[in-house]
């Protein structure tokens, strides 16, 4: 079954159940199903063509995406937070000739931007459709993909992750099982649905017959109001929770009736865990780990083990097998560092029009995550950084994530980010960006490093930053750290 088929099923079984909420707007499963049909009818002649979906986060976005599914076409999500150059890279790489777009985004990008498309379908606020241009052509596309998610678009060549109906449904069903999602649940989605995590939240709750309340982190007041409106499940990356924790009293009140708080996109810390439990002793906290290439999730940490094993990713979700391989693709013993690999029904078909990248990512049926990890004796997995984040300093290979954690735990800072910088003799050296906790002293950080680190790890400089170095999809990664560092240096 496709995701939109579950909407149709729920529309028949429970037509008046709310499916989506966006501010003051709501829509039932029955009305959602009808609107999907209405939009899908405008592109049903195509069949297996690539359609870019350009829409702001909200009810309209979900309708348009599922309409592309229902019309048996392939949805290519355009992350509208990207600059035009990033979007054009995706459009050029994917050779997209057809687009379905909201009134808002059409006005935002302007008529000239859309001249490149053979077909332009404009979806109005009432879900009626204006066909600005339509050229029906045959496209020799792989019949299996249903959705393509792009892993980048601002630097380098973007890679389109091809996901099938089976990928989408299998991952959603696994998430439903581990989180215990029911039709009674009302979930909060406060970040972009154009990426794997947001997409998986929508899929899981629509399959389960529950409700998704869609908002954004742009206005803290609206997020707290949403949480107090009967939200039972909240999703966020660690930075989402850190932003909300800037308002401790509101945080405590807002999470008082939330039964489950899920995280992904990075390791959760004890500060977040303790604040969630202070606000609601009965709350379940569920860290999850995944990749776009895995449709969203690969692993989860059971709520009962969060306090003891919060620095791990836990175990594989149902339907997924995880392992750690050495450089010869052999399984390692517990405690030995290698690369985390995975297989299961949620693993992507491959990268769109990029067999070379696909063959490097999926080897003998195993998807190579690019994450360094080790197995623990209890069967859980602990991440140790990215393979491509390793910094070569002279003859030494340095894992920046381990160094950041060591400095954070032993100095008076709120956060530390290691930045590789050029060095005339060693090839690379490091600088540090630190977030102050109000009493941070740079000289003390220098002093700690001089006393406790080998000479090649002594930082060239320590710079203050006042916000997290996040990528477009809200994650902290080596690329976003380097970009944040360059931004700080340029402003000095």
How many of the residues in the range 281-324 are out of contact with any strand residue (DSSP E or B) (no Cβ under 8 Å at 6 or more places or on another chain) and surrounded by fewer than 17 Cβ atoms within 10 Å (Cβ to Cβ)? 6
Among the residues of the range 378-402, write down those that are touching a strand residue (DSSP E or B) at 6+ places or on another chain (Cβ under 9 Å) and in a strand (DSSP E or B). 381, 382, 383, 384, 385, 386, 391, 392, 393, 397, 398
With the requirement that a residue be modelled with pLDDT under 95 and either surrounded by 21 or more Cβ atoms within 10 Å (Cβ to Cβ) or farther than 21 Å from residue 71 by Cα (or both), what does the range 1-29 give you? 23, 24
Specify which of the listed residues (147, 122, 132) is surrounded by 21 or more Cβ atoms within 10 Å (Cβ to Cβ) and either touching a helix residue (DSSP H, G or I) at 6+ places or on another chain (Cβ under 9 Å) or not assigned by TED's automatic domain parsing to the domain that holds residue 257 (or both). 147
Restricting the search to the range 113-136, which residues are in contact with a strand residue (DSSP E or B) (Cβ under 7 Å, 6 or more places away or on another chain) and not in a loop (DSSP other than H, G, I, E, B)? 114, 119, 120, 121, 122, 123, 129, 130, 131, 132, 133
Looking at residue 437, is it in contact with a helix residue (DSSP H, G or I) (Cβ under 9 Å, 6 or more places away or on another chain) and either at pLDDT 85 or above or surrounded by fewer than 18 Cβ atoms within 10 Å (Cβ to Cβ) (or both)? no
Residues of the range 1-21 that turn out to be within 24 Å of the chain's Cα centre (by Cα) and either more than 26 Å from residue 173 (Cβ to Cβ) or assigned to a strand (DSSP E or B) (or both), as a count: 3
Selection within the range 358-377 - at positive phi and touching a strand residue (DSSP E or B) at 6+ places or on another chain (Cβ under 8 Å): 365, 370
All strands (runs of 3 or more DSSP E) inside the range 411-492 with 1 or more residues being touching a residue at least 60 places away in the same chain (Cβ under 8 Å): 415-423
Strands (runs of 3 or more DSSP E) (entirely within the range 137-219) containing at least 2 residues that are within 27 Å of residue 357 (Cα to Cα): 145-150, 160-164
Residue by residue through the range 92-104, note down the ones that are within 28 Å of residue 353 (Cβ to Cβ), surrounded by fewer than 20 Cβ atoms within 10 Å (Cβ to Cβ) and in contact (Cβ under 8 Å) with a residue 24 or more places away in the chain. 93, 94, 95, 97
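The values are calculated or read from the model by the stated rules, or taken from the named source; none is laboratory data. Predicted model, so just to flag it, every value in this text is computed and none were measured. For neighbour counting, all protein chains shown are included, and Cβ atoms are generated from backbone atoms with ideal geometry for every residue, glycine included.
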